[in-house]
Number of protein chains: 4
Amino acid sequence: MSSLNKKFPRLLPEPIKKGMKVSDLIDTAFKAYNGGRLAEACRLFTEKMIAREGTVGMSLTGALTPAGLGRAAIAPLMKAGFVDWIISTGANLYHDLHFGLDMHLYAGSPFLNDVDLRRDGVIRIYDVLFDYDVLLDTDAFVRNVIQGPEFQKTMATDEFHHLLGKYVYLREKKLGIKETSVLSTAYQYGVPIFTSSPGDSSIGMNVAAMALRDSKLLIDVNRDVNQTAAIVYAAKSGGNTSSVFILGGGSPKNFMLQTEPQIQEVMGIEERGHDYFLQCTDARPDTGGLSGATPGEAVSWGKIDPDQLPGTVICYTDSTIGLPLLTAYVLARHAPRKLKRLYDRRPELMERLKKAYYTSGRAAEVGSKR
Amino acid sequence: MSSLNKKFPRLLPEPIKKGMKVSDLIDTAFKAYNGGRLAEACRLFTEKMIAREGTVGMSLTGALTPAGLGRAAIAPLMKAGFVDWIISTGANLYHDLHFGLDMHLYAGSPFLNDVDLRRDGVIRIYDVLFDYDVLLDTDAFVRNVIQGPEFQKTMATDEFHHLLGKYVYLREKKLGIKETSVLSTAYQYGVPIFTSSPGDSSIGMNVAAMALRDSKLLIDVNRDVNQTAAIVYAAKSGGNTSSVFILGGGSPKNFMLQTEPQIQEVMGIEERGHDYFLQCTDARPDTGGLSGATPGEAVSWGKIDPDQLPGTVICYTDSTIGLPLLTAYVLARHAPRKLKRLYDRRPELMERLKKAYYTSGRAAEVGSKR
Amino acid sequence: MSSLNKKFPRLLPEPIKKGMKVSDLIDTAFKAYNGGRLAEACRLFTEKMIAREGTVGMSLTGALTPAGLGRAAIAPLMKAGFVDWIISTGANLYHDLHFGLDMHLYAGSPFLNDVDLRRDGVIRIYDVLFDYDVLLDTDAFVRNVIQGPEFQKTMATDEFHHLLGKYVYLREKKLGIKETSVLSTAYQYGVPIFTSSPGDSSIGMNVAAMALRDSKLLIDVNRDVNQTAAIVYAAKSGGNTSSVFILGGGSPKNFMLQTEPQIQEVMGIEERGHDYFLQCTDARPDTGGLSGATPGEAVSWGKIDPDQLPGTVICYTDSTIGLPLLTAYVLARHAPRKLKRLYDRRPELMERLKKAYYTSGRAAEVGSKR
Amino acid sequence: MSSLNKKFPRLLPEPIKKGMKVSDLIDTAFKAYNGGRLAEACRLFTEKMIAREGTVGMSLTGALTPAGLGRAAIAPLMKAGFVDWIISTGANLYHDLHFGLDMHLYAGSPFLNDVDLRRDGVIRIYDVLFDYDVLLDTDAFVRNVIQGPEFQKTMATDEFHHLLGKYVYLREKKLGIKETSVLSTAYQYGVPIFTSSPGDSSIGMNVAAMALRDSKLLIDVNRDVNQTAAIVYAAKSGGNTSSVFILGGGSPKNFMLQTEPQIQEVMGIEERGHDYFLQCTDARPDTGGLSGATPGEAVSWGKIDPDQLPGTVICYTDSTIGLPLLTAYVLARHAPRKLKRLYDRRPELMERLKKAYYTSGRAAEVGSKR
């Protein structure tokens, strides 16, 4: 007989009972396959990622805010101090605005006739429906806001989203609603939100159209690249862990992971990679997208610390299932953390990175090879 | 402005809070995409499928019992009277035996070296591990049991599994354990369990090897086909609904759905199809497997009542996530039902089907076409 | 610099040109990801599986014959001597009958209204369409044939399909058509075809309904289990390789792979597992189905020879793409082989297996454990 | 009997024969499921998208250039005049540089130990391998080039990639190699290449690091948004079709599709949407990503012309399989087209869009709503 019993727990769950809490069900009945991975993800987040001041970055792709998960899950995670910085698609932030502006989205169906919807002025995001006016009114809000004087300059997306979040927050107060929006919550709690593709979404589209008028707003992509690397470098050089919590994949996943090669490969600063890696996705490794690339592959790039490979979990399930379960679990099992308010520390973090870059010697090497 | 608000509920979930129950989280935060489908599945099961004496058939594919879901979820659903009959792969029943015989499975990892495992006598089912002796001892149990005189005949799989379940039940009592096994629970609660591929699994393999000795046990596949159709026909002709709850897909899915064409197309009896359809799967419709075939496609075959197409849900998520959630939901939201004990009624049900077949005229038509 | 150049070929494909042959395109431009796997699969089949008298078993799941691949690809592979035995779902054989009987299927669309189709008597298999009469007439053909005296007995599915194939072949000749059908081709070329779920399909449904009349036809599942093991044992004990070519997954995949545990675990005969493993599927390992289980996992069960793990390829693509490409490749790159006509050798193969079983000692152990 | 034969072709493929050409195999044997979709995609591209001066945009995601498809397929399509403009991830352009600089990538395996690879300085992209020096040397090339005076300004990505492409082209000439690189080919053939996430890739990382030194290079995201819309507007307002050919999905997919809402919703110019839509992906519509969103959903947004919905195809297969097949097909079935050289016309196209925007009245409305 082997020594399995010394290395692994026996698999013998108790029968599910009436009235179980989410955290108990996950600990009891999620034992294998993606159920097992989801339980591991919950424990990784609770016991490792948010332990001991660890910095947690979250990337958002897929229609999370249209599905209501901005309000239901992402904002509560920020408020509990469990998510310190965010990289999001523009679409998730654009649709987040509807909630902050008290516009109405509806839980519909994916099986409707789109030609009819187009005729009736209804917009469909899979099974989420809303009127075309929601787009036009949200666009008008964006254009109105970015006409303000504080927007007439070149800035990074964290600053842009912070300023935008302030106006959402003010609108919420005026409307007498609260806890509706990721942008507003991030503004209040000092969580920096970046986007890796600033032109890609209705926010970017309106910024671009305004640039054909007299707007001076331009996104400084370089600052985003360096500022995100600065957040990770500050965590790691300060003796803390850096964790990535990836919902979906896409460009935000890569943008979050590339912080480490930016530090090591491009800036020549010695580092070992992110410590913990948690992804909820349906993307597979074999079909060519970075979305499905494994933590193992990321190790070969220096994105993930090879010693931490056990601290990585991919759960292949829909974020609309995985995220609320994980949120309920971690809120049940861990007390809120002190907020890091990384947004308030952006100049300081950048200075630390620049200093390390200038002293690494790589900056001086520019162009010297080949 | 459109009339969306008259047709669909507003999508505005409350923030997730500490200590939430499974049923409340699903009702609150599962609004769209597969999260939305899972919530619909929970409500379909609770409000339609088990309402008013409806008959519920469940098909089991994928490694459910190895993942502990036999004990955690399937047995509790049977005991609450929520599942009336089952079609399972042989593998799920074979691995269920390990639990009934108090053998040990372990929650391991999918990332182990299989050549090492083979050398060490460890069997791996993805991330579930156990010793090779578990197979040998389970095989010996099966061979021992089927040597008994009641097994020396041709029989359908529901009878075979009922007899086998009796011996598991007796072993459980002897070992002082309970609520461990699907087979034992089905035996006690009168739930017939069929398999669509009786030779395909270690149970079938041992039955086959014994047939090279002096065993007289032979599976009557024809009886299975007709008996499953008889269960559905009894439900529908008695004025009740017939629902299918499909975990995974595969041959058991088709075997469950083909009951309706067996009644209509082959036996010439007027019928309209199953009423409710609930599937939890990762199989997509476009890649060619029946596993991924939609309820819509099933309508064209007469497998699903076209008037009931709204009463169908496919949730694309792992059963190891979907099944415990659905089980917790329905146990929280619906009182146990009176058991149907369909196993005890098998001769009567078959007689009703035969009578309808003989009077349909189709039996007399045999071979008259073309 | 590493020694990559010593271990792996440089990845530098030539530009695709007008008029390329399938085999050249695959060798030139399929270098990585599933394209790379498909090229490896083509070479594994051509250079290893059909080399030196190796025995090749093929399992068929998914709607292959409805997609026309029976005629286009499976029959040509049998005729070239590249496929020696088959395990198929019943559905693939049932729909193969339409082609042999010169009935008409149509290349339609997956986006039709199924309620309308049901009303109009049109059956849909995803994007394949045909009239309801095709089902009724095929059913009548099956019932007519199985009324014959040679069917009035208990038999294994290879014999059943051989007899059925003979009637398809005779019908083809009468209709003046040829090369239409898998069943007819298998009959002519001596390729045994098994099914792992004999009741699951319209063929099994009609056999079952006839059993309620006076038919004596009953499938001997035990014989199927042992006969498939006998084919593999004959190959391996004769010093040849045994390869599995799996399209899709499902019960036929397991039925094909379990031949090795039947030999080793159940019958106690020393063996090492199949040599080569080639699968074309969309099933992933993490979602619980055996369809997605990897060759690595199969090693831990003794299904695959651990020394041959490099000789295994899974290509995650639709069989409707992978199978015609692979067929075109192997027909271009390898001359036809001498037919094995394993059907003609069924009693002899079974005798060899029985003899090994009786001498292994396992038969005498029955029931002695625990 | 229905009238299927009047609406759909009979499904009866000829047997596959030795030595078949790619285009013949696709027309003959690809009849249903994703095989059928791939054949439809080939015909849509050949008969509709490139017919009559239609403008074709291609979006690149997933590891296409690392898989060698830049040289094998994308460059030949540009040279034949079949692809007029491109949106790519930064990663595809970065890894394209290796080919243009004659660095060596290797066709490896996905099953290697990443901790060992990290130690040995080997980088893995799934099954593509190369030395860490390839990254460092490519980075150095990028840094060297962008130090040049023509890069010391704010510019859009099409201009940036054109300038970069020029230097790749010069390097190719110096090295005596040709037809190696997407960037070089696009430079020579006047095909504009955009990226939707300019900071996300090693190219963007190096640009960002240089900005911490004295580099003045900054990407003008607004110009990218407007210039891509200008290309589509020029095609449509000139009476031609606009088609999208999407490999994968991700941010480039949305960036390509949003050109239409930019024209209609944001700029207030009357338009109807793209005409033809062809996507090769593994992303499903139900899991929340825009990658999997269907053309139908895009109709509800005005991204796709509702009258053209039949002119849309999604083929669920790996681009590493689908792209070489489609390339071989279209090169066999259609003569090369006259190059559009859209890069050379960028100022003119932008002027046309600006003029339409200024006259639509939407520009004057800014901020007037709510």
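The values are calculated or read from the model by the stated rules, or taken from the named source; none is laboratory data. Here the structure is a predicted model, which is why all the values come from computation and not from measurement. Because the Cβ atoms are built from the backbone with ideal geometry, glycine has one as well, and the counts that use them run over all protein chains shown. These accessible areas exclude ligands, DNA and RNA; they are computed on the full protein's heavy atoms, side chains included. Shrake-Rupley method; radii C 1.70, N 1.55, O 1.52, S 1.80 Å.
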- request: Would you list which lysines come within 16 Å of C:Lys303, measuring only between C-alpha atoms, while excluding same-chain residues fewer than 8 positions from it?
  value: C:Lys236, C:Lys253
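With +1 assigned to the C-beta of every Lys and Arg and -1 to the C-beta of every Asp and Glu, and no other charges, what is the dipole magnitude of the protein assembly as shown about the Cα centre in debye, to the nearest 20? Display every interim value, and only then the final one.
Working: 176 positive and 164 negative charges, 1 e Å.
For the protein assembly as shown, the charge dipole is close to 0 debye.
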- request: Express as a percent, rounded to the nearest 5, the fraction of DSSP beta bridges in chain D (both residues included) that run antiparallel.
  value: 20 percent
field: Ascending list, in nanometres, of distances separating the B:Asp102 label from those of the other copies (7 Å, Cα toward Cβ)
entry: 6.5, 6.8, 7.4
- prompt: From the label point of B:Asn144, set 7 Å from Cα along Cα→Cβ, how far away are the matching label points in the other copies, in nm, ordered shortest to longest?
  reply: 5.4, 7.7, 7.9
The stretch C:32-91-the stretch B:199-214 distance, computed between alpha-carbon centres (Å): 28 Å
Estimated 222 nm signal from helices in chain D, with DSSP H stretches of n ≥ 4 weighted -39500 (n - 2.57), rounded to 500: -13000 deg cm²/dmol
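With only Lys, Arg, Asp and Glu charged, each at its Cβ (+1 for the first two, -1 for the last two), find how big the charge dipole of the stretch B:200-254 is about the Cα centre; round to the nearest 20 debye. Walk me through the numbers before you get to the answer.
Numbers: 5 positive and 4 negative charges, 21 e Å.
Approximately 100 debye in magnitude.
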- prompt: With contacts defined as alpha carbon pairs under 8 Å and 6 or more residues apart, what's the relative contact order of chain A in percent?
  reply: 23 percent
task: Report in % the part of the accessible area of the protein assembly as shown that belongs to carbon and sulfur, leaving out ligands and nucleic acids; probe 1.4 Å.
output: 49 percent
- prompt: Debye sum, Cα scatterers, chain A, no solvent: what log₁₀ I/I(0) at q = 0.08, 0.09, 0.10, 0.15 1/Å?
  reply: -0.43, -0.54, -0.67, -1.39
- request: Quote the total accessible area buried by chains D and A together, excluding ligands, DNA and RNA, probe 1.4 Å, nearest 100 Å².
  value: 7600 Å²
statement: At 4 °C and 1.567 mPa s, the Stokes-Einstein diffusion coefficient in µm²/s for the stretch C:159-266, with hydrodynamic radius from the Kirkwood sum on alpha carbon pairs, is 82 µm²/s
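Filter the GluC sites (Glu not before Pro) in the stretch D:204-308 to those in DSSP coil with at most 10 other Cβ atoms within 10 Å of their Cβ, and list the result.
Details: sites: D:Glu265, D:Glu270, D:Glu271, D:Glu297; in loops: D:Glu270, D:Glu271.
Listed in order of number, the matching sites are D:Glu270.
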message: Distances in nm, one decimal, shortest first, from D:Ala335 to the same residue in every other copy, taking the label point 7 angstrom along Cα→Cβ.
response: 4.4, 8.0, 8.1
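For the stretch D:50-162, give the share of DSSP beta bridges that are antiparallel, in percent and rounded to the nearest 5; count only bridges with both residues there. Present the calculation step by step, with values, prior to reporting the outcome.
Numbers: 6 of 10 bridges.
Antiparallel bridges: around 60 percent, rounded to the nearest 5.
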message: I'd like the distance separating the alpha-carbon centroids of the stretch B:120-196 and the stretch D:273-330, in whole Å.
response: 49 Å
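Work out the mean other chain Cβ neighbour count within 10 Å for the residues of D:236-242 and drop it here as an integer. List each step's numbers first, then the result.
Numbers: counts 0, 0, 0, 0, 0, 0, 0.
For this peptide, the per-residue mean of nearby foreign Cβ atoms is 0.
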task: Note every residue of the stretch C:308-328 with a reduction of at least 10 square angstrom in accessible area, all protein chains present versus the isolated chain, computed with a 1.4 Å probe, or write none.
output: C:Leu309, C:Tyr316, C:Thr317, C:Asp318, C:Thr320, C:Ile321, C:Pro324, C:Leu325, C:Ala328
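What does the charge count near D:Phe45 come to, summing +1 for each Lys or Arg and -1 for each Asp or Glu among other residues with Cβ under 14 Å from its Cβ? List each step's numbers first, then the result.
On the way: positive: D:Arg37, D:Arg43, D:Lys48, D:Arg52, D:Arg333, D:Arg337; negative: D:Asp27, D:Glu40, D:Glu47, D:Asp84, D:Asp275.
It works out to a net charge of +1.
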field: Overall Cα dimensions of the protein assembly as shown - principal axes, largest extent first, Å
entry: 90, 65, 60
field: Cα→Cβ-extended label distance, 7 Å offset, between C:Arg52 and B:Ser237, nm
entry: 6.2 nm
query: Mind checking the log10 I(q)/I(0) for the stretch C:213-326 at q = 0.20 Å⁻¹? Debye, one equal scatterer per Cα, no solvent, two decimals.
result: -1.07
field: Residues of type aspartates and glutamates that B:Lys355 reaches as a straight line, Cα spacing below 19 Å, ignoring anything fewer than 8 places off in the same chain
entry: B:Asp224, B:Glu260, B:Glu265, B:Glu270, B:Glu271, B:Glu365, C:Asp214
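Count, for each residue of B:214-227, the Cβ atoms from other chains sitting within 10 Å of its Cβ, then give me the mean as a whole number.
Values: counts 1, 2, 0, 1, 7, 7, 6, 13, 14, 5, 6, 12, 6, 1.
Counting Cβ atoms of other protein chains within 10 Å of each residue's Cβ and averaging gives 6.
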statement: Descending packing, highest mean Cβ count within 10 Å first, for B:58-68, B:24-34 is B:58-68, B:24-34
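Compute the accessible area per residue over the stretch D:130-249, keeping the other protein chains in place, probe 1.4 Å, unit Å². Please list the in-between numbers first.
Working: 3310 Å² over 120 residues.
Value returned for the stretch D:130-249: 28 Å² of accessible area per residue.
For the stretch D:200-246, what value does the Rg/Rh ratio take when both radii are computed over Cα atoms and Rh is the Kirkwood radius, given to two decimals? Could the numbers behind the result be given before it?
On the way: Rg = 16.2 Å, Rh = 13.2 Å.
Rg/Rh for the stretch D:200-246 comes to 1.22.
Would you please put D:348-359, C:116-127, C:38-49 in order of how densely packed they are, using the mean number of other Cβ atoms within 10 angstrom per residue and starting with the highest? All intermediate terms of the calculation are to be shown ahead of the outcome.
On the way: D:348-359: 16.2, C:116-127: 20.0, C:38-49: 21.9.
Taking the mean over residues of other Cβ atoms within 10 Å, the ranking is C:38-49, C:116-127, D:348-359.
Would you tally the net charge around D:Tyr106, using a Cβ to Cβ cut-off of less than 12 Å, leaving D:Tyr106 out, and scoring K and R as +1, D and E as -1? It would help to have the intermediate numbers written out before the result.
On the way: positive: C:Lys6, C:Lys7, C:Arg10, C:Lys31, D:Arg124; negative: D:Asp127, D:Asp131.
Spelling it out: positives minus negatives among the neighbours equals +3.
Dipole of the stretch C:216-370, Cα-centred, from +1 at each Lys and Arg C-beta and -1 at each Asp and Glu C-beta, to the nearest 20 debye? All intermediate terms of the calculation are to be shown ahead of the outcome.
On the way: 20 positive and 17 negative charges, 124 e Å.
Computed charge dipole of the stretch C:216-370: roughly 600 debye.
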query: Using a cut-off of 13 Å between alpha-carbon atoms, which aspartates and glutamates can reach B:Lys21, once sequence neighbours fewer than 8 places away in the same chain are excluded?
result: A:Asp24
